[in-house]
Amino acid sequence: MSDATALLTTADGQPLKSALARSQSQLRRRAFLLVAPLFLFVVITFVVPIGQMLFQSVYNPGFIEYENRDTGEVIPLMTNISAWFAANPLGTIPDEAAYGALAADLVHLKETRAGGAVGERINYDVPGTRSLFTSTVRNADRLAPPYREALIAADKKWGDPMIWRAMRSAASGFTGDFYLNALDLTRDATGAIVRIDENQRVYVMLFMRTLGLSAAITAICLVLAFPIAHLLATLPLAKSNLLMVLVLLPFWSSLLVRTTSWMVLLQSQGVVNDLMVAIGIIGEDGRIQMMYNRIGTIVAMTHILLPFMVLPLYSVMRPIPPSYVRAARSLGATSWTAFRRVYLPQTLPGVGAGALLVFILAVGYYITPALVGGADGQLISNLIAFHMQKSLNWSLAAALASILLFGVLVLYWLYDRLVGIDNMKLG
C-alpha cells in the first residue's frame, strides 16, 4: 500500500508526497509572514524594553566607567581599586596598597572630572558619600604616602568599612544590591544581608499599600460593575446600547482631565463638600478632607477603572439565557439561591477577567495617585517614576519595576491555576 502511495503523482507528474510537503511549507511561510509584523512589534515594544529593564536592575557601571557626553568615549574608572578587590577576598581589611590604589584612582577621577558620577554610584548604597568623593577628588593630587593616613586625614569616612563594602560591590558592575534596596534590605560591612534602619524603610510599605489599595479598588469596581453589567445584559438592545455609551463615555476624555475634575470635586472647598454642607449633613467647620489621601486615590481610580470591570462582566452575562433562572425558581429555588447556584457561577470567567484586569492596571497607575493621593495615597509606581525622573537611580527604579512585574506574573499564574486562562472572557 505504501508503494502505491509513493507512485501517486500530481497532474504535472511530480510525486504527490513531495508536492504536499512543498504546499505545507508554503502555507507555514505565508502564516509566518502574516504574523511577522505583530511579532516584531511585540518584540520591539514589549520584550526588548522588559529585557533592558531586567538588565539595568542588576548592572550599573557607574563606578568602573564613565561616558563622555561630548565625545561619546567610554573612559575606564577605578581600575586600580577594582584590581585590588579582585585580588583580595571579601572580608580583607584594606591595607596601604588598597589606599594607594584608591588614591591613584581619585587622581584619575580629577583628570576625567568623573568624581561626581562615581560618588553618586556609591551614594546609592551609602547615602551621603557623593560629597565625600567630590571633596576628596578636588584635592586628590595633594595626597602623598602613607595614603591611608592621608585619606583618613582628608575625611575620616574613608576608614568606614561600609564605604569599602559598597565600593567592592560596585567594582564588578553586576550587583543584586538594588533588589535588596527595593526590599528595604542592605549589606553590612561583612557582606551579610540585614534590614535597614526602621526610619528608612519605605519600599516594602509602599508595595503593601499598592497591593492593598489595588485590591480595595478592584473589590469596589466589582460591587459597582456587577449590577451595571447585569442591567446592560437584560435591557432591550436599544436601551442597553444607550447605557453602554454612558459606560464608555470616560474613554472619550483625557485621563488628566478626569483626574483634575475629581480634584475640583473632592477638595475641601469643592462641590462634594459644598453639597453636604448645603444639605446639612456636615457643618462648615466639619468639611471632610478627601484630597491628598487614600480616599481621593480610591475614588478617582475607581471611576477611571470601572469600565474595565463592566465590559468583561457584560460579555459573559449577555449570552446567559434568562430562562435558566426562571427554571430554577419554578423548581422551588428562592431568588437568592437561583442567583447563587445558577447565575453567579456562569459569570465567574468575567469576574476573574475583570478583577485581574483592574488589579493589574491599578498597581501600575501613577498619574492619578500623584495628583490626588498626596503623601498618604502614593503608590510604588510614583516612587519608580521619582527614581527615573528625579534621583536618576535607574537601577533601583528597574529593580522596583521588576519586583512589581514578578508580582503581576505570580497573580496571573494563580489565576491560571484557580480559574484557567482559557476561561477568561474580555469581550
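The values are calculated or read from the model by the stated rules, or taken from the named source; none is laboratory data. None of the values given here were measured: they were computed from a predicted structure. Reconstructed Cβ throughout: ideal geometry from the backbone, glycine too, with neighbour counts over all protein chains shown. Side chains included, ligands, DNA and RNA excluded: accessible areas come from the protein's heavy atoms. Shrake-Rupley method; radii C 1.70, N 1.55, O 1.52, S 1.80 Å.
A compact table of results
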| item | result |
| --- | --- |
| Largest-first ordering by accessible area, 1.4 Å probe, given options Met317, Met244 | Met244, Met317 |
| Which label in (1) 37; (2) 41; (3) 25 gives the computed percent of Cα pairs over 43 Å apart | (2) |
| Span from the region 206-282 Cα centroid across to the region 116-180 one, whole angstrom | 52 Å |
| Cut-off under 5 Å, modelled amide H: who pairs with Tyr66 long-range | Ile75, Leu77 |
| Dipole of region 32-145, positive direction: furthest Cα of Thr92, Gln56, Leu143, with charges on the beta-carbon | Gln56 |
| Where the chain is the region considered: accessible area per residue in Å², 1.4 Å probe | 56 Å² |
| Accessible area (Å², 1.4 Å probe, nearest 10) - His230 | 80 Å² |
| Aspartates and glutamates with Cα under 20 Å of Lys17, excluding same-chain neighbours fewer than 8 positions away | Asp3 |
| Within the accessible area of region 31-93 (1.4 Å probe), percent carbon and sulfur | 70 percent |
| Residue (of Leu331, Thr175, Gln267) at the positive-pole extreme of the chain, dipole from beta-carbon charges | Leu331 |
| Accessible-area ranking of Ile360, Ile217, largest first, probe 1.4 Å | Ile360, Ile217 |
| Heavy-atom accessible surface of region 202-304: percent carbon and sulfur, 1.4 Å | 76 percent |
| Largest to smallest accessible area among Arg417, Arg258 [probe 1.4 Å] | Arg417, Arg258 |
| log₁₀ of I(q)/I(0) at q = 0.15, 0.26 Å⁻¹ - region 173-252, Debye sum with one point per alpha carbon | -0.70, -1.15 |
| Estimated distance in nm for a label pair at Asp70 and Met208, the labels positioned 7 Å out from Cα along Cα-to-Cβ | 5.1 nm |
| Dipole magnitude of the chain about its Cα centre (Cβ charges: Lys, Arg +1; Asp, Glu -1), debye to nearest 20 | 1720 debye |
| Net dipole in debye of region 118-181 [+1 Lys, Arg Cβ; -1 Asp, Glu Cβ; about Cα centre; nearest 20] | 80 debye |
| Amide H contacts of Arg187 (H built 1.01 Å from N, under 5 Å, at least 5 apart or other chain) | Val194 |
| Modelled FRET efficiency - R0 30 Å, Thr79 with Lys156, Cβ distances, 0.05 increments | 0.70 |
| Met290 accessible area, assembled protein chains, probe 1.4 Å, Å² | 20 Å² |
| Calculated [θ] (222 nm, deg cm²/dmol) that DSSP helices of n ≥ 4 give over the chain, each run adding -39,500 (n - 2.57) | -20000 deg cm²/dmol |
| Computed over the chain: relative contact order in percent, which uses C-alpha pairs under 8 Å that are six or more apart | 16 percent |
| Accessible area (Å², 1.4 Å probe, nearest 10) - Val408 | 30 Å² |
| Amide H contacts of Tyr59 (H built 1.01 Å from N, under 5 Å, at least 5 apart or other chain) | Thr175 |
| Positive-end residue, the chain charge dipole about Cα centroid, Cβ charges, pick of Leu348, Ala215, Val277 | Leu348 |
